[in-house]
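Quick notes on the structure that follows.
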Amino acid sequence: MVLKPLEFSECIADTPWFRQNLHEHEVVLEDAYKSIKNIETQCRELISCTRKLSLAQRAFAKTLTEFKIETVGTTQTDDERVIGNCLKEFGKLINQVEEERTKILNEAETHYLEPLKRFRVEAIGKTLHEEKRKYEKESTKFYQTLEKHLHLSTQRSFFKASLQYVAEIQSVQERMKFEFVETLSSFLYSWLTFYHVGHVIHEDFKPFLDGVQDRVQKTKESYKATIAEAEELKDKMLKTHAKASQTTNPSGSTASGSSERSSTIKQGYVYMQEKSKLPKTIGRDVLAGKWTKYYCVYSKETRIFTMIPITATSKTDMKGALGLSVSFKLKECVRRSSDSIDKRFCFDIIADERPDVMTFQALSEEDRRQWIDAMDGKQTVVVLIYFDNFFNLYPN
């Protein structure tokens, strides 16, 4: 918008056209006053949001710095070491950028917001309120006196106030071109400097980022190859297990039984029957206690049988579970027949130092066979007792 200039000669003449032109200048200054105040408010909101963003960025950087990527295995490769430390470097990069942002935020009030407010209040506000009030007061006084008689001193005061008011309006309009614009340009320049610093930091950090990307890509390719090998191994294991199950004969032995018997360690999950305190005269263990899950390990060389209780906390507190483990030397292992107990896949164990018989349930028929083979177990004693009774009843 282009306004007509306020001439001092027209100010002295105080024509209606001068008054109209003066009013247009006043309207423009009032709009500028409101707009600058709105800019101040929005700048404060922008700075407030930026402070929150900076806090969030620093919190994010802290989380990245403290995050640890654990390595599976005994040693770390160079790629794993770089990838493991890259998050810490990312956090340092973010903090470095936030340091520059903090400088802008710390200087915003003094260097940008206060100058804007000072120009609005002391320049535009003073002109629109104090100088305008003086001008209107002298104008009213002059024309009231003029209606009665010409008074030179009143005329001189009016001219002085009028000229001063016009000069202030012109001064504010000119100062707006450098004071107000200069403050805003400095504010924007500080943000551009911040973005430039971010660009410089990016250029300095780019080789490291590229190196991390290369190592990540290599790790990804290695992962894909490992997954393919793992799938092949899983299929092989499933086929081997299926083949072993198919070759099991009714007696519970397999073609590979000799090799399995040569294994020195047998371990796995089993369930042990808790013995009831009620009389044992009732058959088939109807009143037997509950079945408790254990992880058992048997060493064929030492004949030591170890039982580790499995509870809800043992998965996270293995040390505590090991503290509750029980070990004993195996004396005898016997396969339980299906008609002697309501559970399948059961076998009995007798310890050297414990007179009672412990009854276990394996996970499957094959699993029971492996346990019995590992412990050099015997077949069902019920069958032997039956034949002994038969020969006693019908002797030769």
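Take the conditions farther than 20 Å from Gln164 by Cα and in the same structural domain as Ser185 (by TED's automatic domain parsing) and apply them to Ile39. Does it pass? When the stated conditions are applied, Ile39 passes them. When the stretch 302-361 is filtered for residues that are modelled with pLDDT of 90 or more, polar (S, T, N, Q) and either touching a helix residue (DSSP H, G or I) at 6+ places or on another chain (Cβ under 6 Å) or under 16 Å from Trp291 (Cβ atoms) (or both), the ones remaining, listed by number, are Thr359, Gln361. Restricting Val166, Val181, Val200, Val216 to residues that are part of a helix (DSSP H, G or I), among the aliphatic types (A, V, I, L, M) and at pLDDT 90 or above narrows the list to Val200.
Select from the stretch 173-215 the residues that are hydrophobic (A, V, I, L, M, F, W, C) and either closer than 19 Å to Leu93 by Cα or in contact with a His (Cβ under 6 Å, 6 or more places away or on another chain) (or both) and list them in ascending order. Correct list: Trp191, Leu192, Phe194, Val197, Val200, Ile201, Phe205, Phe208, Leu209, Val212.
Can Gly91 be described as modelled with pLDDT of 90 or more, of a type outside the set (A, V, I, L, M, F, W, C), surrounded by 14 or more Cβ atoms within 10 Å (Cβ to Cβ) and more than 30 Å from Leu22 (Cβ to Cβ)? Against the criterion (modelled with pLDDT of 90 or more, of a type outside the set (A, V, I, L, M, F, W, C), surrounded by 14 or more Cβ atoms within 10 Å (Cβ to Cβ) and more than 30 Å from Leu22 (Cβ to Cβ)), Gly91 qualifies. Would you mind finding the one in Lys280, Lys243 that is in a helix (DSSP H, G or I) and either at pLDDT below 50 or not small (Gly, Ala, Ser) (or both)? Answer to the check: Lys243. The one condition from (1) modelled with pLDDT under 80; (2) under 30 Å from Leu53 (Cα atoms) that Leu150 does not meet is (2).
Among the residues of the stretch 1-25, which ones are of a type outside the set (A, V, I, L, M) and loosely packed, with under 15 Cβ neighbours inside 10 Å? Selection gives Lys4, Pro5, Glu7, Phe8, Ser9, Thr15, Pro16, Trp17, Arg19, Gln20, His23, Glu24. Going through Val181, Val166, Val172, Val200 one at a time, which residue ends up being under 29 Å from the mean Cα position of the chain (by Cα) and not hydroxyl-bearing (Ser, Thr, Tyr)? Step by step, each of Val181, Val166, Val172, Val200 is checked, and only Val200 is under 29 Å from the mean Cα position of the chain (by Cα) and not hydroxyl-bearing (Ser, Thr, Tyr).
Based on this model, can you work out whether Thr219 counts as in the same structural domain as His111 (by TED's automatic domain parsing) and touching a helix residue (DSSP H, G or I) at 6+ places or on another chain (Cβ under 7 Å)? It is true that Thr219 is in the same structural domain as His111 (by TED's automatic domain parsing) and touching a helix residue (DSSP H, G or I) at 6+ places or on another chain (Cβ under 7 Å). Within the stretch 298-324, being under 21 Å from Gln370 (Cβ atoms) and surrounded by 13 or more Cβ atoms within 10 Å (Cβ to Cβ) holds for Tyr298, Ser299, Lys300, Arg303, Ile304, Phe305, Thr306, Met307, Ile308, Ile310.
Test Lys134 against the criterion of being among the basic types (Lys, Arg), surrounded by 14 or more Cβ atoms within 10 Å (Cβ to Cβ) and at pLDDT below 80, and give yes or no.
Spelling it out, it is not the case that Lys134 is among the basic types (Lys, Arg), surrounded by 14 or more Cβ atoms within 10 Å (Cβ to Cβ) and at pLDDT below 80.
So which residues in the stretch 345-377 are touching a residue at least 12 places away in the same chain (Cβ under 8 Å), over 24 Å from Glu301 (Cβ atoms) and either over 48 Å from the mean Cα position of the chain (by Cα) or part of a strand (DSSP E or B) (or both), if there are any at all? Once the filter is applied, which keeps residues that are touching a residue at least 12 places away in the same chain (Cβ under 8 Å), over 24 Å from Glu301 (Cβ atoms) and either over 48 Å from the mean Cα position of the chain (by Cα) or part of a strand (DSSP E or B) (or both), the stretch 345-377 yields Cys346, Asp356, Thr359, Gln361.
The values are calculated or read from the model by the stated rules, or taken from the named source; none is laboratory data. Note that the structure is a prediction, hence the values are computed from the model and not measured. Glycine gets a Cβ as well: all are built from the backbone with ideal geometry, and neighbour counts include every protein chain shown.
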